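Visitor: Have a look at the structure that comes next, please.
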């Protein structure tokens, strides 16, 4: 007797290229025709999730201006919206958009890595994340 149960589709959390850390960070971004400031709620070396009730469409290219706490000046990146979570007052999921960084040069990558590594070191090890 063989098991013909379909295998579950991997969730986005198991297919991520880089581990994301929960951290609130003010981010300004520009899309065609708008300039907006919102809070990013998690960040990784490869992308960021911005909490917004009006996310851009998947595939939209955005220019991000990010101020990291350890940096004297903000730096800008280009990203592409790869995931959207629409606003739903009935849901406990946070609305917003996942953005993958596109133009990370060596200096920006090093700054992001230092920031993410510092956050990882400061977070308690076995503390469960509430959903």
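Visitor: So for 29, 87, fewest C-beta neighbours within 10 Å to most, what's the order?
Guide: 87, 29
Visitor: A further question on this structure: What is the gain in length, in nm to one decimal, between residue 45 and residue 111 on full extension, counting 0.36 nm per residue of separation less the C-alpha to C-alpha distance? The partial results should precede the final answer.
Guide: Working: separation 66, 0.36 × 66 = 23.76 nm, distance 0.93 nm.
Answer, rounded to one decimal: 22.8 nm.
Visitor: Please compute the modelled spin-label separation between residue 90 and residue 119, points set 7 Å along Cα→Cβ, answer in nm with one decimal.
Guide: Using points 7 Å along Cα→Cβ, the separation is 3.2 nm.
Visitor: Okay, next question. What percent does the relative contact order of the range 19-121 come to when contacts are Cα pairs within less than 8 Å and at least six residues apart?
Guide: Dividing the mean separation by the residue count of the range 19-121 yields 25 percent.
Visitor: What is the list of residues in the range 61-99 whose amide nitrogen lies under 18 Å from a point 7 angstrom out from the Cα of residue 34, following Cα to Cβ?
Guide: Counting only backbone N, you get 61-65, 79-89, 94-99.
FYI, it's all coordinate maths here, none of it is from the lab. Computed from a predicted structure; not experimentally measured. Cβ atoms come from the backbone with ideal geometry, glycine included; neighbour counts cover every protein chain shown.
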